[in-house]
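The values are calculated or read from the model by the stated rules, or taken from the named source; none is laboratory data. Keep in mind that what you see is a predicted model, and the values were worked out from it rather than measured. Here Cβ is always computed from backbone atoms with ideal geometry, including for glycine, and neighbour counts include all displayed protein chains. We work out accessible area using only protein heavy atoms, side chains counted, and drop any ligands, DNA or RNA first. Shrake-Rupley method; radii C 1.70, N 1.55, O 1.52, S 1.80 Å.
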Amino acid sequence: MDERQLETIETAADWADRYDELGEAERRELAQWLSERPENARAFARIRQVLSDAALLEAVDTAPFRDARMVDSLAELPRSRPLPRTRFPRLDDARPTRLGRRQALAAGLAALVAAPLGGYLLTRRQPASAPDPLHFASDVGQRRHVVLPDGSNMLLDAASSVRVHFTSERRGIELDRGAARFDVRHDAARPFEVRTPGAAMTALGTSFSVDRLLDAAELRVFSGRVAMAAHGQQPLVVPARQWALFDGRAIDEGSFDPAAHADWQNDWLDAESMRLGFAIERLGRYSADPIRLQEPSLASRTFSGRFRLDQPEQSLALIGALFGLRPSKRADGIYLVMA
């Protein structure tokens with residue numbers, strides 16, 4: 001392994017180890033680094049995979065790798081001290097005689113990335129299954145931006161969560177609750193797919209959002225195209241400036257103007273013949289108190305208009321007034337009841 005490859009692995013190990021602690025500026029810096037060379041993104045994804053498996057991490061941390069520069073330092077490393085939270089020095093920096101533990105760990109990861117199926121690891125326990133997915137979630141009332149391991153960008157709506165399954169063959173996202181927008185980095189060899197119960201959306205080089213609702217999934221395409229496969233329905237390709245909603249029985253389609261109606265991404269609930277039940281779900285992501293309909297049969301009623309997401313109680317009152325309903329605050333949440 002040459003100096004540049006080792007530097008790439010060390011840098012990737014540092015980013016991977018600190019990933020959950022990165023601020024917005026550092027995440028942008030990481031995205032830039034991932035986009036500079038394909039090798040950067042591959043090293044980062046592989047190290048994240050290794051770090052998710054405790055047995056692999058132990059093997060990397062203790063294996064007698066052949067790099068002569070590492071052998072002496074590895075032999076004297078303390079085994080109980082936590083990894084220091086400092087950035088790796090670059091290879092052209094002045095280095096201390098002894099390598100820090102994270103640097104030694106990076107050297108081990110470098111050997112693993114270079115020969116993931118050979119040598120020492122074949123004598124140790126190999127992972128029985130794919131690595132655990134990465135989990136990302138946002139709080140009520142707060143959106144969250146995430147740079148994914150491949151350099152793609154994800155914006156989570158409030159009170160949303162996903163599981164990320166990235167391998168060398170595919171990029172999979174499971175939307176467990178809420179909504180998310182994806183600006184996908186092109187990788188023809190690894191399809192990018194987002195799943196909700198009953199539907200799967202595969203990016204064809206694009207920017208799009210997916211909203212998981214009660215027994216439904218909504219797709220909005222901002223640029224490019226997205227293939228949508230829904231249970232019991234003919235697959236379809238949704239182009240830019242179009243939306244598709246699958247409610248478990250059929251797919252509805254329509255158009256929208258992304259510049260004027262970015263929906264939750266700019267703090268607005270843009271309703272065009274929207275079902276009341278869906279509006280309640282979306283407003284609920286921004287309310288500290290759960291929002292419910294007293295009469296569930298009203299959930300299929302529709303309405304249109306623009307309402308502030310960051311003022312959920314005020315918007316709920318305005319929407320309720322369209323149906324002769326009013327908010328009523330109770331111990332277990334806010335209910336829309338007959339006025």
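Couple of notes before you dig in:
- Tallying residues that are open to solvent by less than 40 Å² (accessible area, probe 1.4 Å) and assigned to a strand (DSSP E or B) within the range 206-241 yields 19.
- Just so you know, in the range 141-171 the residues that are of a type in the set (Val, Ile, Thr) and assigned to a strand (DSSP E or B) include one that is surrounded by the most Cβ atoms within 10 Å (Cβ to Cβ), and it is 162.
- None of 193, 174 is open to solvent by 50 Å² or more (accessible area, probe 1.4 Å) and at pLDDT 95 or above except 174.
- Residue match in the range 175-188 (condition: farther than 19 Å from residue 136 by Cβ, in contact with a strand residue (DSSP E or B) (Cβ under 8 Å, 6 or more places away or on another chain), among the hydrophobic types (A, V, I, L, M, F, W, C) and in contact (Cβ under 8 Å) with a residue 12 or more places away in the chain): no
- Residues (closer than 12 Å to residue 147 by Cα, out of contact with any strand residue (DSSP E or B) (no Cβ under 8 Å at 6 or more places or on another chain), part of a helix (DSSP H, G or I) and open to solvent by 20 Å² or more (accessible area, probe 1.4 Å)) located in the range 1-35: 20, 25, 26, 29, 32, 33, 35
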